[in-house]
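These notes are about the structure you will find just below.
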Amino acid sequence: MDKFNIKKYFKNLTKKDILKFFSNIFLVVIGTFILSLGSGVFLVPFSIVSGGVTGIGILLSDFLPVDISAFIFTWGLFLLGLIFLGFKFSLTTLLSSIIYPSLLSIFLRTGLAEEIINLILDSDTFVSLGSNGALDPTIISEVPIGTLLICGIIGGACTGIGCSLTFLGGGSTGGVDILSFILNKFFGIKQSILFFSVDATIVGIGLILDIVNKHSFNFLAGLVGIISAFICSVMVDLVYVSKQGAYMVDIISDKYEEFIKYSSEVLDRSSTVFDVVGGYSKENKKMVRITFNKRELMQVKDAIAKIDKNAFVTFTQTMLVGGEGFNKIQESRNNTIKNLQKALKNKKND
């Protein structure tokens, strides 16, 4: 049962672990704040369904206030994360699960969102949010489509950046992105694709309901929600996925030793050398494989052109790289249920 002794867990942390821990916490807090800002100011008030627990809340806003729905779904999905993604992941997610519904309520119920919205609308009269967190339908219907589009884009960007920062902090915003992590864990599907697919499903449901109920302006807001969800997915790809992946280049050249030297002395990365045979020429060649971060792509291309512009080169984009010089590969199959079963089994044997 030592795995579940939190006091012992923190006692064994090194200074590096502690700095990393608080760095992750900082990323989660900042990310959750940006997410709450985007949702509470640019999406919920204008009834823009772009996915996530906020989108679900907007769909249910006739029955429950959006922040209450967000609280319910956030904690429900947190429990799923605890089961399938494990205690360590859920520990950071717990913080976001507490902060997000709270900040969303603050934006929607304290007048902060209203002040910003009135600046956006530049209205002669002060507009107020309803009890469900949205503007009155008659007010929303008078919002210029350009303003609505800008709000959707900014809201989607804030959502994507906020979620990405919490991902980089090792946690989750406590929303439907947990489903993306679970599906990624068991099926290896790219997270940005999963994130967009889940959000698109929520947006699609909203559009169908608007068509059935003949809510023309809400339907228009739903179309803006599609753009918002796309922007969110793009930001996740730019901010989070790009940090996880890398590039791998295979270089076949008579100057392979120079490429090995370049890799170790300039890139400060190891390389792998293969003996290869030309399929047509039947000549024995050397192939050098180098793996590097995405930000080093242009640098590597320029170096290859300088060392041997006639080299046969293949660049490959990777989803995940682990090992020296990159993030350590973490075991992903462990989860709370398995750990509990193991602990109960050990206890029974004792």
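Side notes on the structure shown:
- Candidate set: the stretch 222-240, residues that are of a type in the set (A, V, I, L, M, F, W, C) and either open to solvent by less than 20 Å² (accessible area, probe 1.4 Å) or assigned to a loop (DSSP other than H, G, I, E, B) (or both); chosen: the one modelled with the highest pLDDT: 224
- Hits in the stretch 285-313 (condition: of a type in the set (S, T, N, Q), under 25 Å from residue 239 (Cβ atoms) and outside any strand (DSSP E or B)): 293, 299
- The number of residues in the stretch 259-314 that are touching a residue at least 40 places away in the same chain (Cβ under 8 Å), more than 30 Å from residue 240 (Cβ to Cβ) and among the aliphatic types (A, V, I, L, M) comes to 2.
- When 328, 294, 348, 285 are screened for being open to solvent by 30 Å² or more (accessible area, probe 1.4 Å) and modelled with pLDDT of 85 or more, only 285 passes.
- Qualifying residue in the stretch 141-151 (condition: farther than 15 Å from residue 53 by Cα, out of contact with any His (no Cβ under 9 Å at 6 or more places or on another chain) and crowded, with 23+ Cβ neighbours inside 10 Å): yes
- Qualifying residues in the stretch 30-63 (those that are aliphatic (A, V, I, L, M) and under 14 Å from the mean Cα position of the chain (by Cα)) - the one least open to solvent (accessible area, probe 1.4 Å): 35
- Any hit, the stretch 255-275, residues being in contact with a strand residue (DSSP E or B) (Cβ under 8 Å, 6 or more places away or on another chain), assigned to a helix (DSSP H, G or I), among the polar types (S, T, N, Q) and surrounded by 13 or more Cβ atoms within 10 Å (Cβ to Cβ): yes
- If you go through the stretch 191-221 and pick out every residue that is in contact with a Gly (Cβ under 6 Å, 6 or more places away or on another chain) and modelled with pLDDT of 80 or more, you end up with 4.
- Boolean, residue 93 is of a type in the set (S, T, N, Q) and surrounded by 16 or more Cβ atoms within 10 Å (Cβ to Cβ): yes
- Selected residue [over 20 Å from residue 28 (Cα atoms) and in contact (Cβ under 8 Å) with a residue 24 or more places away in the chain] from 179, 135: 135
- Any hit, the stretch 79-99, residues being touching a residue at least 40 places away in the same chain (Cβ under 8 Å), polar (S, T, N, Q) and within 22 Å of residue 61 (Cβ to Cβ): yes
- Checking residue 96 against (1) modelled with pLDDT under 85; (2) of a type in the set (Ser, Thr, Tyr); (3) in contact with a Cys (Cβ under 8 Å, 6 or more places away or on another chain), the condition it does not meet: (3)
- Among residues of the stretch 103-115, those that are assigned to a helix (DSSP H, G or I) and open to solvent by less than 60 Å² (accessible area, probe 1.4 Å), counted: 7
The values are calculated or read from the model by the stated rules, or taken from the named source; none is laboratory data. This one's a predicted model, so the numbers in the text were calculated from it and none came from an experiment. A quick note on method: Cβ atoms are made from the backbone with ideal geometry, for glycine too, and the neighbour counts reach across all protein chains shown. Areas reflect the complete protein model, heavy atoms only, side chains present, ligands, DNA and RNA absent. Shrake-Rupley method; radii C 1.70, N 1.55, O 1.52, S 1.80 Å.
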